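Notes follow once the structure below has been shown.
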Amino acid sequence: MKTKLTKGLPKSFAGKGKVKGINFEQVAASPQAYIYACTHENQDPNTNPYYEVFKRKSVAVCVDFEKRIYSETEFKEVYPNAEKFGSSAWCIWNKERAFEKFKELSIVEQAIAEAVFRKPTKYKATIDPKKQQS
């Protein structure tokens, strides 16, 4: 049975529910982690954002909500909820520290994958250079 990732995280989005009023913009992505820059909609444009750094996680797509039936082959990535912060997601105010955590997650998770599958994986991060230097 072949599995596939059908839906990744958006490059940018406006928060809903508990995070309504916060705008999220993807700054970097690797096969293991993400960084999103977060700004409040009423924030002074000259104020620096804070960063949410987290491990990538995918879950099965729900095909029938009433019967709680999930796909065995289609998966989507999910943004971490509040309970994940501190264990697999972190809120970091300093851009350099956010990138350090991102690199740490990317390297550590890659090493775990290589140990489990006993073969090298290709580390490839996508970092928007404009957002890293601003």
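Within the range 85-107, the presence of at least one residue that is of a type in the set (A, V, I, L, M), free of Cβ contacts under 8 Å to residues at least 24 places away in the same chain and surrounded by 11 or more Cβ atoms within 10 Å (Cβ to Cβ) is confirmed. Taking the conditions exactly as written (touching a Pro at 6+ places or on another chain (Cβ under 8 Å) and surrounded by 13 or more Cβ atoms within 10 Å (Cβ to Cβ)), does residue 13 satisfy them or not? Considered against the rule, which asks whether it is touching a Pro at 6+ places or on another chain (Cβ under 8 Å) and surrounded by 13 or more Cβ atoms within 10 Å (Cβ to Cβ), residue 13 comes out as no.
Within the range 22-80, the set of residues being over 17 Å from residue 12 (Cβ atoms), among the aromatic types (Phe, Trp, Tyr) and in a strand (DSSP E or B) comprises 70, 75. Going through (1) more than 18 Å from residue 105 (Cβ to Cβ); (2) surrounded by fewer than 16 Cβ atoms within 10 Å (Cβ to Cβ) one by one, residue 22 falls short only on (2). Among the criteria (1) at pLDDT below 90; (2) surrounded by 17 or more Cβ atoms within 10 Å (Cβ to Cβ), the one residue 56 does not fulfil is (1). The listed residues are 85, 24, and the only one of them that is more than 19 Å from residue 7 (Cβ to Cβ), at pLDDT 90 or above and either in contact with a Phe, Trp or Tyr (Cβ under 9 Å, 6 or more places away or on another chain) or basic (Lys, Arg) (or both) turns out to be 85.
The values are calculated or read from the model by the stated rules, or taken from the named source; none is laboratory data. Just so it is clear, the model here is predicted, and its values are computed rather than measured. Cβ coordinates were reconstructed from backbone atoms using ideal geometry, including for glycine residues, and neighbour counts include every protein chain displayed.
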